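*Asks:* Quick one: the structure is below, questions incoming.
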Amino acid sequence: MKVGYSIWKPFMLAFNHVFKRTFTIKFPFFMLEPKERTVGRHLLDADACISCGLCVMICPSKAIKLVGEGKFGGLPEINYGKCVFCELCVWICPKNAIKNTSFYE
């Protein structure tokens, strides 16, 4: 008796869920609005950046490096593959050159 129940239980669960509402959305066609505190990509104001390197030093995942030529040196470049979106670079920037946006794609 238990063997038959253990075989048919997954099928009964699947059958019950066929008629329930899904919890996913069709992403490319419908997008959810980000909440107020959503942490998305960073926005760099190159004119305000003084190339102090504090963002590079405080980044726990070493996702930021100074590259190219800026006003006083290199400008920060963020590798989003390594970034953990902790916002430490935003908080430590003395000139508020790095800001967060709610853009997450």
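*Asks:* Limited to region 32-81, what total is found for residues that are within 16 Å of Thr101 (Cβ to Cβ) and over 21 Å from the mean Cα position of the chain (by Cα)?
*Replies:* Count: 2.
*Asks:* Considering each residue of region 88-98, count those that are under 16 Å from Cys59 (Cβ atoms), of a type outside the set (A, V, I, L, M) and open to solvent by 40 Å² or more (accessible area, probe 1.4 Å), and give that number. Break it down stepwise before answering.
*Replies:* Looking only at region 88-98, we keep the residues that are under 16 Å from Cys59 (Cβ atoms), and these are 88-94, 97-98.
Now drop any that are not of a type outside the set (A, V, I, L, M), which leaves 89, 91, 93-94.
This time we only want the ones that are open to solvent by 40 Å² or more (accessible area, probe 1.4 Å), so: 91, 94.
Residues flagged as under 16 Å from Cys59 (Cβ atoms), of a type outside the set (A, V, I, L, M) and open to solvent by 40 Å² or more (accessible area, probe 1.4 Å) within region 88-98 amount to 2.
*Asks:* Looking at this structure, is Val56 within 25 Å of Glu105 (Cα to Cα) and at pLDDT below 90? So that I can check it myself, show each step before the final result.
*Replies:* Numbers: within 25 Å of Glu105 (Cα to Cα): yes; at pLDDT below 90: no.
The answer is no for Val56.
*Asks:* Now for a different question. Can you work out which of the residues in region 28-49 that are open to solvent by less than 60 Å² (accessible area, probe 1.4 Å) and of a type outside the set (Gly, Ala, Ser) is nearest to Gly74 (Cα to Cα)?
*Replies:* Looking only at region 28-49, we keep the residues that are open to solvent by less than 60 Å² (accessible area, probe 1.4 Å), and these are 34, 38-40, 42, 46, 48-49.
Narrowing further to those that are of a type outside the set (Gly, Ala, Ser): 34, 38-39, 42, 49.
Working: Pro34: 32, Thr38: 28, Val39: 25, His42: 17, Cys49: 9 Å.
Per the criteria, the residue is Cys49.
*Asks:* Of all residues in region 73-86, which are over 14 Å from Ala46 (Cα atoms) and open to solvent by less than 40 Å² (accessible area, probe 1.4 Å)?
*Replies:* Step one: filter region 73-86 for residues over 14 Å from Ala46 (Cα atoms), giving 79-86.
Matches in region 73-86: Cys83 only.
*Asks:* Could you please let me know if Ser61 is open to solvent by less than 30 Å² (accessible area, probe 1.4 Å) and either hydrophobic (A, V, I, L, M, F, W, C) or part of a loop (DSSP other than H, G, I, E, B) (or both)?
*Replies:* On the way: open to solvent by less than 30 Å² (accessible area, probe 1.4 Å): no; either hydrophobic (A, V, I, L, M, F, W, C) or part of a loop (DSSP other than H, G, I, E, B) (or both): yes.
No; evaluated as a whole, the condition is false for this residue.
*Asks:* Count, please, the residues in region 89-105 that happen to be touching a Leu at 6+ places or on another chain (Cβ under 9 Å), more than 19 Å from Lys35 (Cα to Cα) and part of a loop (DSSP other than H, G, I, E, B). Break it down into steps so the answer makes sense when it comes.
*Replies:* Within region 89-105, the subset touching a Leu at 6+ places or on another chain (Cβ under 9 Å) is 89, 92-94, 97-101, 103.
If we keep only those that are more than 19 Å from Lys35 (Cα to Cα) as well, we get 89, 92-94, 97-98.
Next, from what is left, pick out any that are part of a loop (DSSP other than H, G, I, E, B): 93-94, 97.
Of the residues in that region, 3 qualify.
*Asks:* Could you say whether any residue in region 5-13 is free of Cβ contacts under 8 Å to residues at least 40 places away in the same chain and either charged (D, E, K, R) or in a strand (DSSP E or B) (or both)?
*Replies:* Quick first cut of region 5-13, residues free of Cβ contacts under 8 Å to residues at least 40 places away in the same chain only: 5-13.
Still in the running and either charged (D, E, K, R) or in a strand (DSSP E or B) (or both): 9.
There is at least one residue in region 5-13 that is free of Cβ contacts under 8 Å to residues at least 40 places away in the same chain and either charged (D, E, K, R) or in a strand (DSSP E or B) (or both).
The values are calculated or read from the model by the stated rules, or taken from the named source; none is laboratory data. Note that the structure is a prediction, hence the values are computed from the model and not measured. With ideal geometry, Cβ positions are generated from the backbone for all residues, glycine too; neighbour counts draw on all protein chains shown. For accessibility, only protein heavy atoms count, side chains too; no ligands or nucleic acids. Shrake-Rupley method; radii C 1.70, N 1.55, O 1.52, S 1.80 Å.
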